[in-house]
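The block underneath contains the structure these notes are about, expressed in structure tokens.
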Amino acid sequence: MLNIDLHCHSNISDGVLPPAQLVERAAMRGVEILALTDHDDISGLAEARQMAESKSITFIDGVEISVSWRGRTLHIIGLNIDPTYAPLIEGLAVIRAGRAQRAENIALELEKIGIQGSLEGAYAHVGERRLIGRTHFARFLVQQGYAKDVKSVFKKYLVKGKPGYTSHEWASLSDAVSWIRNSGGHAVIAHPARYGLGKNVLNDLLDEFCALGGSGLEVVTSSHTPEQMRHFAHHAQNRNLLASCGSDFHGPGESYFDLGQLPEFPHGCTPVWHHWKNNIAAELTN
Ligand code: AMP
Ligand code: MN
Ligand code: MN
Ligand code: MN
């Protein structure tokens, strides 16, 4: 079985490593097919692809788009997208502009509980890159001693009902899926168990996603327990959706799974790479 990782982040979004270093790490860890899926930003793809080619890794252009659906935030992964497709580029730029505004609101919320300077502090973790997110605030809060690590921050801050949370309107599901599809890619619902959707709401989401032309579900991810993987493997099969797998690696020490460190792909699911280049499909069946 090939080592395939279709979900990870570089420091273009909220990962720690620059794109080339991320790919080098993937190569060292034996990844053979890799997608870089930064949040709402595709500007790391060229650098990552160049390194992937020098390491003989099959590289897939990807993105993880932030979406608002029925008052919830969902993440939709685009795989095999065309990074030169103008509506995708423009749509992502709008989301990033919204992130800058949200960051100011988060800082104001944190000020209310006496945490000063978080906007500058979070931006210090963004470096010269443009995309700011909650992870950058989380790293600032760890540095200031408010929590022992990034995971612990999200138990006490930045989530609904806790200090530092602000609601935000992201892209619509229909826009995100159409940008991905019309650029030639496959749209995949990232870590579906993370949204805590009840049975009926999940069915509504899958109905709508399928009607919009969505392709798959991320079944194997560090966000899922083995039981959740089985559960969403069934949903994928029942709905004729493809299944995807990815570590969601953000950086050494910050993620549950390292690059390419994934549980076995579920039997009976059709993998999202099934329809990709013939050579990948052929390698898989050998
Ligand atoms: P944002 O897109 O700015 O709202 O930030 C979302 C990111 O925060 C996710 O992609 C994760 O990297 C991080 N995150 C959210 N919840 C958690 C959590 N419970 N533990 C660790 N990281 C989290
Ligand atoms: Mn992230
Ligand atoms: Mn995500
Ligand atoms: Mn992710």
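Data table
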| read-out | value |
| --- | --- |
| Summed side-chain charge close to Ser13 - residues other than Ser13 whose Cβ falls under 15 Å, Lys, Arg +1, Asp, Glu -1 | -3 |
| Cα-based shape type of the stretch 52-94, given that a ≥ b ≥ c are square roots of the gyration tensor eigenvalues and the cut on a/c is 1.5 | oblate |
| Distance between the stretch 70-144 and the stretch 227-271 - C-alpha centres, whole angstrom | 25 |
| Most to least packed among 159-169, 232-242, 121-131 [average Cβ atoms within 10 Å] | 232-242, 121-131, 159-169 |
| Spatial separation of Cα centroids for the stretch 145-203 and the stretch 1-68, in angstrom | 20 |
| Calculated FRET value between Glu104 and Gln21, using beta carbons and R₀ = 35 Å, to 0.05 | 0.70 |
| Between 0 and 90°, nearest 10: helix 226-238 axis offset from the chain longest Cα axis | 50 |
| Helix axis angle, 19-28 relative to the chain longest principal axis, alpha carbon, degrees | 50 |
| The chain, relative contact order in percent, only Cα pairs under 8 angstrom and at least six apart counted | 20 |
| Estimated 222 nm signal from helices in the chain, with DSSP H stretches of n ≥ 4 weighted -39500 (n - 2.57), rounded to 500 | -12500 deg cm²/dmol |
| Gyration tensor (alpha-carbon) shape descriptor, the stretch 229-281, a/c threshold 1.5 | oblate |
| Selection from Thr166, Leu262, Leu202, by position along the positive dipole direction of the stretch 135-263 (Cβ) | Thr166 |
| Acute angle (nearest 10 degrees) that the helix 199-212 long axis makes with the longest principal axis of the chain, alpha-carbon atoms | 70 |
| Probe 1.4 Å, protein heavy atoms only - accessible area per residue of the stretch 162-286 in square angstrom | 47 |
| Ranked by how many other beta carbons lie within 10 Å on average, peptides 34-42, 265-273, 13-21 from highest | 34-42, 13-21, 265-273 |
| Over 23 Å (Cα to Cα) - which of Lys151/Lys199; Lys112/Lys160; Lys155/Lys199; Lys156/Lys199 fall in this group | Lys151/Lys199; Lys155/Lys199; Lys156/Lys199 |
| Computed Kirkwood radius, in angstrom, where 1/r is averaged over Cα pairs of the stretch 32-130 | 15.5 |
| Rounded, prolate or oblate (a/c below 1.5 giving rounded, otherwise prolate when a/b exceeds b/c) for the chain by Cα gyration tensor | prolate |
| Dipole magnitude (debye, nearest 20) for the chain, charges at Cβ of Lys, Arg, Asp, Glu | 760 |
| Under 23 Å from the Cα of Lys55 - lysines, other chains or at least 8 residues apart | Lys277 |
| Nitroxide proxy distance, nm - points 7 Å out along Cα→Cβ at Glu128 and Ala86 | 2.9 |
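The values are calculated or read from the model by the stated rules, or taken from the named source; none is laboratory data. Please read these numbers as outputs of a predicted model, since none were measured by experiment. Here the Cβ is made from the backbone with ideal geometry for all residues, glycine too, and neighbour counts use every protein chain on show. With ligands, DNA and RNA removed, areas are computed over all heavy atoms of the protein, side chains included. Shrake-Rupley method; radii C 1.70, N 1.55, O 1.52, S 1.80 Å.
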